[in-house]
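Each value in this text was obtained by applying a stated rule to the coordinates, not by laboratory testing. Here the structure is a predicted model, which means the values were calculated and not measured. Cβ atoms come from the backbone with ideal geometry, glycine included; neighbour counts cover every protein chain shown.
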Amino acid sequence: MINKEYKRKSFNRAAKTYDSCSTLQDTISGNLIDRLKTIKLYPLDILDLGCGTGTNGLNLRKKYKKSRIINYDFSENMLNEARRKQKLFILDKINLSPYSYICADIEAIPLEENSLDLVWSSSTLQWCNKLDLVFNQVKKILKPGGLFIFSTFGPNTLNELRAITENLFNEKKTSTFIDMNNLDNLLIDAGFSDSILDVENFSVTYNEVGKLFMDIKSIGATNGNVSKNRGLSGKSFTKKIIEKYEAYRINNLLPASYEVIYGHAWNTPKSTSEHPQ
């Protein structure tokens, strides 16, 4: 179970450092944009669910030049960074900016039903406690024929770190991630159709474990479980991790594994089984 208030504080602290350490997240978002290239969709109203510092909003607007982008995040500081990045001075002054901002929880989306053409969420869903609730809300706010596209992390993410900490401390010190089959089942249960999911594995390498910890902290991705006693911190804790992590060193580098799940599904109108072309 994710402690939402703890995670809000983590992301607020990380807002200024996120862009400098989000290389993997940017790559994942780029891959998600590429998947949109093969889909015939001309969205006007787009929700960036878990927008972070607003980079994806800029890229979505570049692709869909007539679109209106709602930046949605539960971190006030992340939204402030998005505002700064997306600022259009003249349009802002006359209230014609294509960008708007909502600070709220992803599990309680305060938007009207049938109001959006596209809901986008990249590297965010892993911070939800009730994905079934989120998927049901996304389905409701999409217009008939609307698209939900997302990326999230699978259970093999940070498996080296998870194996070490569970062996040393008999408790989870890393986040828990849902697998692709369960995600697909949740989409079906929510009423989505024509879902397509696939997996890509990444290995980010480091000279030392400390840099891995720094990257995790700098993007706000520290473990947010309610049951955690402490995060990846403390001298004795860190020393034990460093010692055990050496067993994974290959070619003088330490790997950090990430399993990335990409998916999209349609809010197909009940009268037809085909999404719009």
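The table for this structure:
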quantity: Simple label model, 7 Å out from Cα along Cβ direction - Asp26 to Thr38, nm; calculated: 2.6
quantity: Most mobile listed residue (Asp179, Asp92, Asp19) in the chain, GNM with C-alpha springs under 10 Å; calculated: Asp92
quantity: Packing-based exposure ordering (other Cβ within 10 Å, fewest first) of Tyr6, Tyr101; calculated: Tyr6, Tyr101
quantity: Dipole in debye (nearest 20) - the chain, about Cα centre, beta carbon charges: Lys, Arg +1; Asp, Glu -1; calculated: 980
quantity: Cβ-based charge dipole, the chain, positive-most Cα from Thr205, Leu147, Tyr262; calculated: Thr205
quantity: Within-12-Å neighbourhood charge of Glu200 [Cβ basis; K, R +1; D, E -1]; calculated: -2
quantity: Within the range 92-142: Cβ-based charge dipole about Cα centre, in debye rounded to nearest 20 (Lys, Arg +1; Asp, Glu -1); calculated: 40
quantity: Length released on extending from Lys87 to Glu5, taking residue separation times 0.36 nm less the Cα-Cα span; calculated: 26.7 nm
quantity: Neighbourhood charge, 12 Å Cβ-Cβ cut-off, centred on Asn252 and excluding it, Lys, Arg +1 and Asp, Glu -1; calculated: -1
quantity: When each of Lys37/Lys85; Lys9/Lys239; Lys40/Lys65 is checked by Cα-Cα distance, pairs over 18 Å; calculated: Lys37/Lys85; Lys9/Lys239
quantity: Estimated distance in nm for a label pair at Glu208 and Ser193, the labels positioned 7 Å out from Cα along Cα-to-Cβ; calculated: 5.7
quantity: Spacing of the two label points (7 Å from each Cα toward its C-beta) at Lys63 and Ala108, in nm; calculated: 3.1
quantity: Degrees between helix 180-190 axis and first principal axis of the chain (Cα, 0 to 90, nearest 10); calculated: 30
quantity: Entry for Cα Rg over 2.2 N^0.38 Å (calculated from the structure that is shown) out of [x] 1.15; [y] 1.03; [z] 0.96; calculated: [y]
quantity: Residues whose placed amide H lies under 5 Å from that of Asn225, excluding near-sequence neighbours; calculated: Asn3
quantity: Amide proton proximity set for Thr157, modelled H, under 5 Å, gap of 5+; calculated: Glu259
